[in-house]
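Below is one structure, written out as structure tokens; the observations come after it.
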Amino acid sequence: MKVGELMSSEVKVCTDTDTLNRAAQLMWEFDCGCIPIISANGDGRLVGVVTDRDIAMAAYTQGKPLWAIPVGTAMARSVIVCHADDGISHAERLMRDNHIRRLPVLDQNEVLVGMLSLNDVAREAEHELATGRRAEVTSEGVLQTLAAVCKPRGARAIATAA
């Protein structure tokens, strides 16, 4: 199964010059916890992502209202991505290895075409189990990915050092 078959293709985005208030508004209105950030110059290039946690931490550490904080100051610039034609097992491995719940999905031209979340993968595993279809996405794989993503930061550092 390919990432393009499971991803959400209606993705809400912000530009790096939008405010965190705009990102939070989109998260609230569209029930998502991560917004891809595209370049404000109009080329549609992915330049980062911002999560609900990034927004909360920026407001706390900067002591400013969300409308006064540009997305570009809070977003993660180093973004792990996958491609629409990648297999789901590859996407799960990226999530597991990088301790992330969501992946921006790019097409062959490196243009943002969707988002894949661990929720998408888990729903597919449950659907395959319920329908008796040959499981390309397994409950065990989802469980392993979730366990890796949910490890506390201290546990990650300890596991890495060992």
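General observations
- Some residue of segment 4-14 being of a type outside the set (A, V, I, L, M, F, W, C), surrounded by fewer than 14 Cβ atoms within 10 Å (Cβ to Cβ) and under 16 Å from the mean Cα position of the chain (by Cα): yes
- Matching entry among Ala74, Ala91 (being over 9 Å from the mean Cα position of the chain (by Cα) and more than 16 Å from Glu5 (Cβ to Cβ)): Ala74
Every number here is computed from the coordinates shown, using simple stated rules; none is lab data. Source: prediction; values computed, not measured. In this analysis, Cβ positions are derived from the backbone assuming ideal geometry, glycine residues included, and neighbour counts consider all displayed protein chains.
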